[in-house]
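> One structure is given below, represented as structure tokens, and several questions about it will come after.
The values are calculated or read from the model by the stated rules, or taken from the named source; none is laboratory data. Remember, predicted model here, so these are calculated numbers, not experimental data. As a convention, Cβ positions derive from the backbone with ideal geometry for all residues, glycine included, and neighbour counts pool all protein chains shown. Heads up: the accessible areas ignore ligands, DNA and RNA and are worked out on the full protein's heavy atoms, side chains in. Shrake-Rupley method; radii C 1.70, N 1.55, O 1.52, S 1.80 Å.
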Amino acid sequence: MPWFKRVEKGIHTPTEEKKETPDGLWYKCPDCKTVTSMVEHRKNLSTCVKCNYHDRIGSREYFAILFDDNQFTELDADLVSGDPLNFTDTKPYPQRIAATQKATGLKDAVRSAYGTMNGQPITISCMDFSFIGGSMGSVVGEKIARAIDHARETRTPFLMISKSGGARMMEAGFSLMQMAKTAARLALLAEDKLPYISLLTDPTTGGVTASYAMLGDFNIAEPGALIGFAGPRVIKETIGKDLPKGFQSAEFVLEHGFLDFIVDRKELKQQLSDLLAMLRPESDGKDNLKSKNGKAAKVS
Amino acid sequence: MLLDFEQPIAALEGKLQDMKQLATDSQVDVSEAVKALEEKIKNLKKETYANLTRWQRVQLSRHPERPYTLDYIHGITDKFIELHGDRTVGDDNAMVGGFGEVDGRSIMFIGQQKGRNTKQRQMRNFGMANPEGYRKALRLMKMAEKFNKPIVTLIDTPGAFPGLEAEERGQGEAIARNLKEMFMLKVPVICIIIGEGASGGALGIAIGDRVMMLENTWYSVISPESCSSILWRSWNYKEQAAEALKLTARDMLQQQLIDGIIKEPLGGAHTEPEKMMHSLKKKIIKLLDELESVDARERIMQRIDKFSNMGVVLES
């Protein structure tokens, strides 16, 4: 005898009345397919709770992770792109920019800001991949150059978070020269003996890799990030063979000697703070090492 | 080999040759007709080369008979000693360099080298350098700085090599480092695009006090073919891509991304290589005279300021 008895016959829910889970409540890891709630995923700084896959995030999230209490002052927030070449491919460049600005709420593919990180002042520029593939045009180059100048003026360390497919083709020669411009400012930063940390996140390729991203005193990366000069597809076409597994991953780049270390996003803030603390000039906070006559004691 | 737009000119030149032959064979006076034809050829050439499309300039920049880096170096210098190797991994045949003597002056020459036949092209890897090429270039630049000799780089590359080993050995890092280090070189640096100037592969040796382009060359962030394949998702839009990229010497000067154009003989550098060498040499000497009169630190700051001003942004 059944436990339940069907009273009415032919009960169906019409499609339009079926209840659906709203988008954005759950996150499915593209790597291990584990499903977690979005709240949990965000709390875990957008890394997978099970396999630690680092999901792509933007400047808003990185600033929230790194700046104390999410307090920071944005630099050059109003800089926008011109259209010096009247560039049109399948659509005019200004239309593409306007549409992307509307869709993302961003002005271009990088944001710069300064504030404190565990109490230490720092200047950060962070790229947004959602803005035309994080491509580097005049605005990206100029904002990074100005952020470096800000770091030099305020004598603070500079952190660059890269996430980009490379140069922005719609600005042709102008975007190429942004590689030179940023390298020039970094040469001056180095001359001033200020620390430059370059964090490479998924993906960092092309002209960005071949300029500021690889020029850090410390080049560090998030686990599993794709890092390279040429894109995998281009290399595959050139050599006519499949690429080995893990090729151009952060781990591969570390193994070949181009990264200092790989850092888990959840440890990023602490790791950066610890590193920068070790670079502080001897005079700060080291009064306890001074001998009675005021001369610095030898530290061995 | 003849490009499309070279054919009508070549046809007339052939006719002129026949006419002259006929005159010697038959002793008929054709001097009037020869003169008229010569005039016609000259006018056609002038018109053709004044109105080349951007894509046609790209074709001319890749003309298989065009002088390459070593041709220029040998043509300009009285003596040249080539130097090899990056002292770490190997010697890259796509990037050459060494000390040369020009009118009693020692200059460090560096440039990408293309090959003329299949075997050479393979040996030179089509002018696409690997990381060790960029590192060799930097080693030679640092050496020039040590001995206080000026540097001239000649750029002719379809790009840095996009290979597996190039990635393993840090192609991006090698180029990036060159950009940064070149800004701080205490000696004068002149960079001249002599053929193709493709993207980071070109820029990796193109940070200088004066960046010049020969008249029929191109310099941009990507080749028209690759641009077509990415933006139009097909290889068939290379002419449009070349137009959109505005990549010729005249375009680049107008955008203030280079410092000047060096004129080529009518018909391109390959038609009268001797003449081309001569004007290139004269230009190099003139530029060096200008640059050597500036204090080293001042020169570095001017170099940095020049590149720092490149780009178009709006304050909204």
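> Tell me, yes or no, whether region B:169-190 has at least one residue that is touching a helix residue (DSSP H, G or I) at 6+ places or on another chain (Cβ under 9 Å), small (Gly, Ala, Ser), surrounded by 24 or more Cβ atoms within 10 Å (Cβ to Cβ) and within 19 Å of B:Leu280 (Cα to Cα).
no
> Name every residue in region A:84-97 that is open to solvent by 20 Å² or more (accessible area, probe 1.4 Å), more than 8 Å from chain B (Cβ to nearest Cβ) and either under 22 Å from A:Arg146 (Cα atoms) or part of a strand (DSSP E or B) (or both), in order of residue number.
A:Pro92
> Then there's this: Within region B:6-53, restricting attention to residues that are hydroxyl-bearing (Ser, Thr, Tyr) and exposed (fewer than 15 other Cβ atoms within 10 Å of the Cβ), which residue is modelled with the highest pLDDT?
Out of the qualifying residues, it is B:Thr53.
> Here are B:Glu225, B:Glu215: which of them is more than 30 Å from A:Ile235 (Cα to Cα) and away from chain A (no Cβ under 11 Å)?
Working: B:Glu225 fails: more than 30 Å from A:Ile235 (Cα to Cα).
Of the residues listed, the single one that is more than 30 Å from A:Ile235 (Cα to Cα) and away from chain A (no Cβ under 11 Å) is B:Glu215.
> So which of B:Lys46, B:Lys79, B:Lys20 ends up being out of contact with any Ser or Thr (no Cβ under 7 Å at 6 or more places or on another chain) and under 22 Å from B:Leu214 (Cα atoms)?
Just one listed residue meets the conditions, B:Lys46.
> I need every pair where a residue in region B:158-171 that is over 23 Å from B:Ile194 (Cα atoms) and basic (Lys, Arg) has its Cβ under 9 Å from the Cβ of a residue that is open to solvent by less than 40 Å² (accessible area, probe 1.4 Å) and not in a helix (DSSP H, G or I), sequence separation at least 6 or different chains.
Listed pairs, sorted by first residue: B:Arg169/B:Asn130.
> Still on this structure, please answer the following. Which ones in region A:241-261 are under 20 Å from the mean Cα position of the chain (by Cα), part of a loop (DSSP other than H, G, I, E, B), facing chain B (nearest Cβ under 9 Å) and of a type outside the set (Phe, Trp, Tyr)?
If the condition is that a residue be under 20 Å from the mean Cα position of the chain (by Cα), part of a loop (DSSP other than H, G, I, E, B), facing chain B (nearest Cβ under 9 Å) and of a type outside the set (Phe, Trp, Tyr), then A:Gln248 is the only one that fits.
> Given (1) more than 15 Å from A:Tyr62 (Cα to Cα); (2) surrounded by fewer than 24 Cβ atoms within 10 Å (Cβ to Cβ); (3) more than 9 Å from every other protein chain (Cβ to nearest Cβ), where does A:Tyr114 come up short, assuming only one miss?
Among (1) more than 15 Å from A:Tyr62 (Cα to Cα); (2) surrounded by fewer than 24 Cβ atoms within 10 Å (Cβ to Cβ); (3) more than 9 Å from every other protein chain (Cβ to nearest Cβ), the lone unmet condition for A:Tyr114 is (1).
> Another question, then. Criterion first (at the interface with chain A (Cβ under 10 Å from one of its Cβ atoms), part of a helix (DSSP H, G or I), in contact with an Asp or Glu (Cβ under 8 Å, 6 or more places away or on another chain) and aliphatic (A, V, I, L, M)) does B:Ala176 satisfy it? Spell out how you get there, then give the answer.
Numbers: at the interface with chain A (Cβ under 10 Å from one of its Cβ atoms): yes; part of a helix (DSSP H, G or I): yes; in contact with an Asp or Glu (Cβ under 8 Å, 6 or more places away or on another chain): no; aliphatic (A, V, I, L, M): yes.
So B:Ala176 does not fit the description; no.
> Where in region B:213-316 are there strands (runs of 3 or more DSSP E), lying wholly inside it, with at least 3 residues that are surrounded by fewer than 23 Cβ atoms within 10 Å (Cβ to Cβ)? Working first, answer last.
Values: elements: B:218-220, B:260-262, B:313-315.
In region B:213-316, the matching strands (runs of 3 or more DSSP E) lie at B:260-262, B:313-315.
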